[in-house]
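Beneath this line is the structure, given in structure tokens, with notes to follow.
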Amino acid sequence: MRMESQRRLFGCFCAIMVWFCSSGVMQGWGSPYQILHADGQYSELCPVDDSSCREREETLQHIYWHASIAASYGACFFGILLDLVGARFCAIFGIMISLC
């Protein structure tokens with residue numbers, strides 16, 4: 001019984017670490033957005049003296065839109081995969097994808 005509780009604690013620890021390492025990508029979009037904006041990403045879409053260009057803002061918002069759609073489809077795919085093959089395989093597969 002002692003070994004089973006250690007395995008459960010280790011599994012909980014691994015799940016929490018995966019959650020901490022990968023959950024802030026979508027919720028923390030404000031910081032990368034500000035960095036991309038400050039670095040002048042997509043500034044070639046704007047006239048020289050225009051600091052708030054609509055095309056640039058739309059392009060940066062499209063990045064967020066595509067990422068949120070990909071996260072939704074990914075959650076759907078992994079939900080189906082979880083039902084078919086189990087939690088251990090899905091966790092290992094997800095960690096391998098995260099490391100790539």
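A few points about this structure:
- Y64, sole failed condition from (1) of a type outside the set (G, A, S); (2) modelled with pLDDT under 85; (3) under 18 Å from D39 (Cβ atoms); (4) open to solvent by less than 70 Å² (accessible area, probe 1.4 Å): (4)
- Only one of the numbered conditions (1) of a type in the set (F, W, Y); (2) surrounded by 12 or more Cβ atoms within 10 Å (Cβ to Cβ); (3) at pLDDT 85 or above is violated by Y73, and that is (2).
- Within segment 44-72, the set of residues being of a type in the set (S, T, N, Q) and not in a helix (DSSP H, G or I) comprises S51, S52.
Residue by residue, here is whether (1) part of a loop (DSSP other than H, G, I, E, B); (2) at pLDDT 85 or above; (3) within 16 Å of the chain's Cα centre (by Cα); (4) exposed (fewer than 14 other Cβ atoms within 10 Å of the Cβ) holds:
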position	(1), (2), (3), (4)
C21	no, no, yes, yes
M26	no, no, yes, yes
F78	no, no, yes, no
I92	no, no, no, yes
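The values are calculated or read from the model by the stated rules, or taken from the named source; none is laboratory data. Computed from a predicted structure; not experimentally measured. For neighbour counting, all protein chains shown are included, and Cβ atoms are generated from backbone atoms with ideal geometry for every residue, glycine included. All accessible areas refer to the heavy atoms of the entire protein, side chains included, with ligands and DNA or RNA removed. Shrake-Rupley method; radii C 1.70, N 1.55, O 1.52, S 1.80 Å.
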